[in-house]
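Colleague: Sending over a structure as structure tokens; questions will come in a sec.
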Amino acid sequence: MEFKVSELERDPIDFDLQFKPGTIDFGEEAQQTGALASEGRAEVLHEHRGPKDIVADIRLKGSFEGDFEIPCARCVEPVATHLDGEFDLLFRPAEADTEAPERSITAPETEIGYYQKDSLLLEDVLREQVLLSLPVRTLCKPDCKGLCPRCGQNRNSQDCSCDEGPSDPRWEALAGLRGRIKS
């Protein structure tokens, strides 16, 4: 869904949409498995910078909810995850700040996004919000054994026949430490 400044100037737009899997590309970080629901409101806020300098910012306030598969951090198997969140975002025209002199930005200004060509795509906003809501580290189970570093076999489904091989000599100084700590 595209929000055009010219349309938002007339009236705010309320939205309540369902996005099918595959509509939004989340890359390798997540795969959508069910409908992604999103509802909210888009409106224009006028920022007065001077007598004849008015910037049309788009405020997008809403929420999302959907089911995803995220790769396990150890074995890369997909892990079913439910994600939801709320957002209240401000987008400014990309050219609005290009001629401003260099200066420090305030903390609220770090939350401002930019839109191109007088419109903003809801799909782009949802992609960003879903990716930001992903857990830092997802495991398929707490004791996931991960992949064998030599052959790539998933150690959860089958033990591999790779030998441990020679250890890195840089760690030999610490090799006996575990035994000394336990005694």
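The numbers here are math on the coordinates, done by the rules we state, and not lab data. Here the structure is a predicted model, which is why all the values come from computation and not from measurement. All Cβ positions, glycine included, derive from the backbone under ideal geometry; neighbour counts span all protein chains shown.
Colleague: Along the Cα-to-C-beta direction of Leu132, a point sits 7 Å from the Cα; which residues of the range 49-65 have their amide N less than 18 Å from that point?
Modeller: The answer is 57-65, whose backbone nitrogens lie closer than 18 Å to the label point.
Colleague: So, one more: Helix 122-133 versus the longest principal axis of the chain: what angle, 0 to 90°, nearest 10, using Cα atoms?
Modeller: With rounding to tens, the tilt is 40 degrees.
Colleague: Let me ask something additional. Which of the peptides 68-81, 22-35 is most tightly packed, and how do the rest follow, judged by the mean count of other Cβ atoms within 10 Å per residue? Present the calculation step by step, with values, prior to reporting the outcome.
Modeller: Details: 68-81: 16.7, 22-35: 13.9.
Output ranking for 68-81, 22-35: 68-81, 22-35.
Colleague: How far apart, in nm, are two points set 7 Å out from the Cα along the Cα-to-Cβ line at Leu139 and at Glu65?
Modeller: 2.9
Colleague: Run the numbers on the range 2-133 and let me know its relative contact order in percent, using alpha-carbon pairs under 8 Å that are six or more apart. Walk me through the numbers before you get to the answer.
Modeller: Numbers: 232 pairs, mean separation 31.9, N = 132.
Computed value for the range 2-133: 24 percent relative contact order.
Colleague: Given only helices, namely DSSP H runs of n ≥ 4 each adding -39500 (n - 2.57), what is the per-residue ellipticity at 222 nm of the chain, to the nearest 500 deg cm²/dmol? All intermediate terms of the calculation are to be shown ahead of the outcome.
Modeller: On the way: 4 runs with 28 residues, N = 183.
Only helices count here, giving -4000 deg cm²/dmol.
Colleague: Next question. Want the number for His46 to Ala73: 0.36 nm per residue separation, take away the alpha-carbon distance, what's left? Kindly include the intermediate steps, with their values, before the conclusion.
Modeller: Details: separation 27, 0.36 × 27 = 9.72 nm, distance 4.41 nm.
This chain segment gains 5.3 nm when fully extended.
Colleague: List the residues whose amide H sits under 5 Å from the amide H of Val79, counting only those 5 or more places along or on another chain, with H placed 1.01 Å from N in the peptide plane.
Modeller: Ile70, Cys72
Colleague: Of the labelled options [x] 18.2; [y] 17.0; [z] 20.6, which one gives Kirkwood radius over Cα pairs in Å as computed for this structure?
Modeller: So the structure-derived entry is [z].
Colleague: Say each of Ser6 and Arg150 gets a label point 7 Å from the Cα, pointing the same way as Cα to Cβ; how far apart are those two points in nm?
Modeller: 6.6
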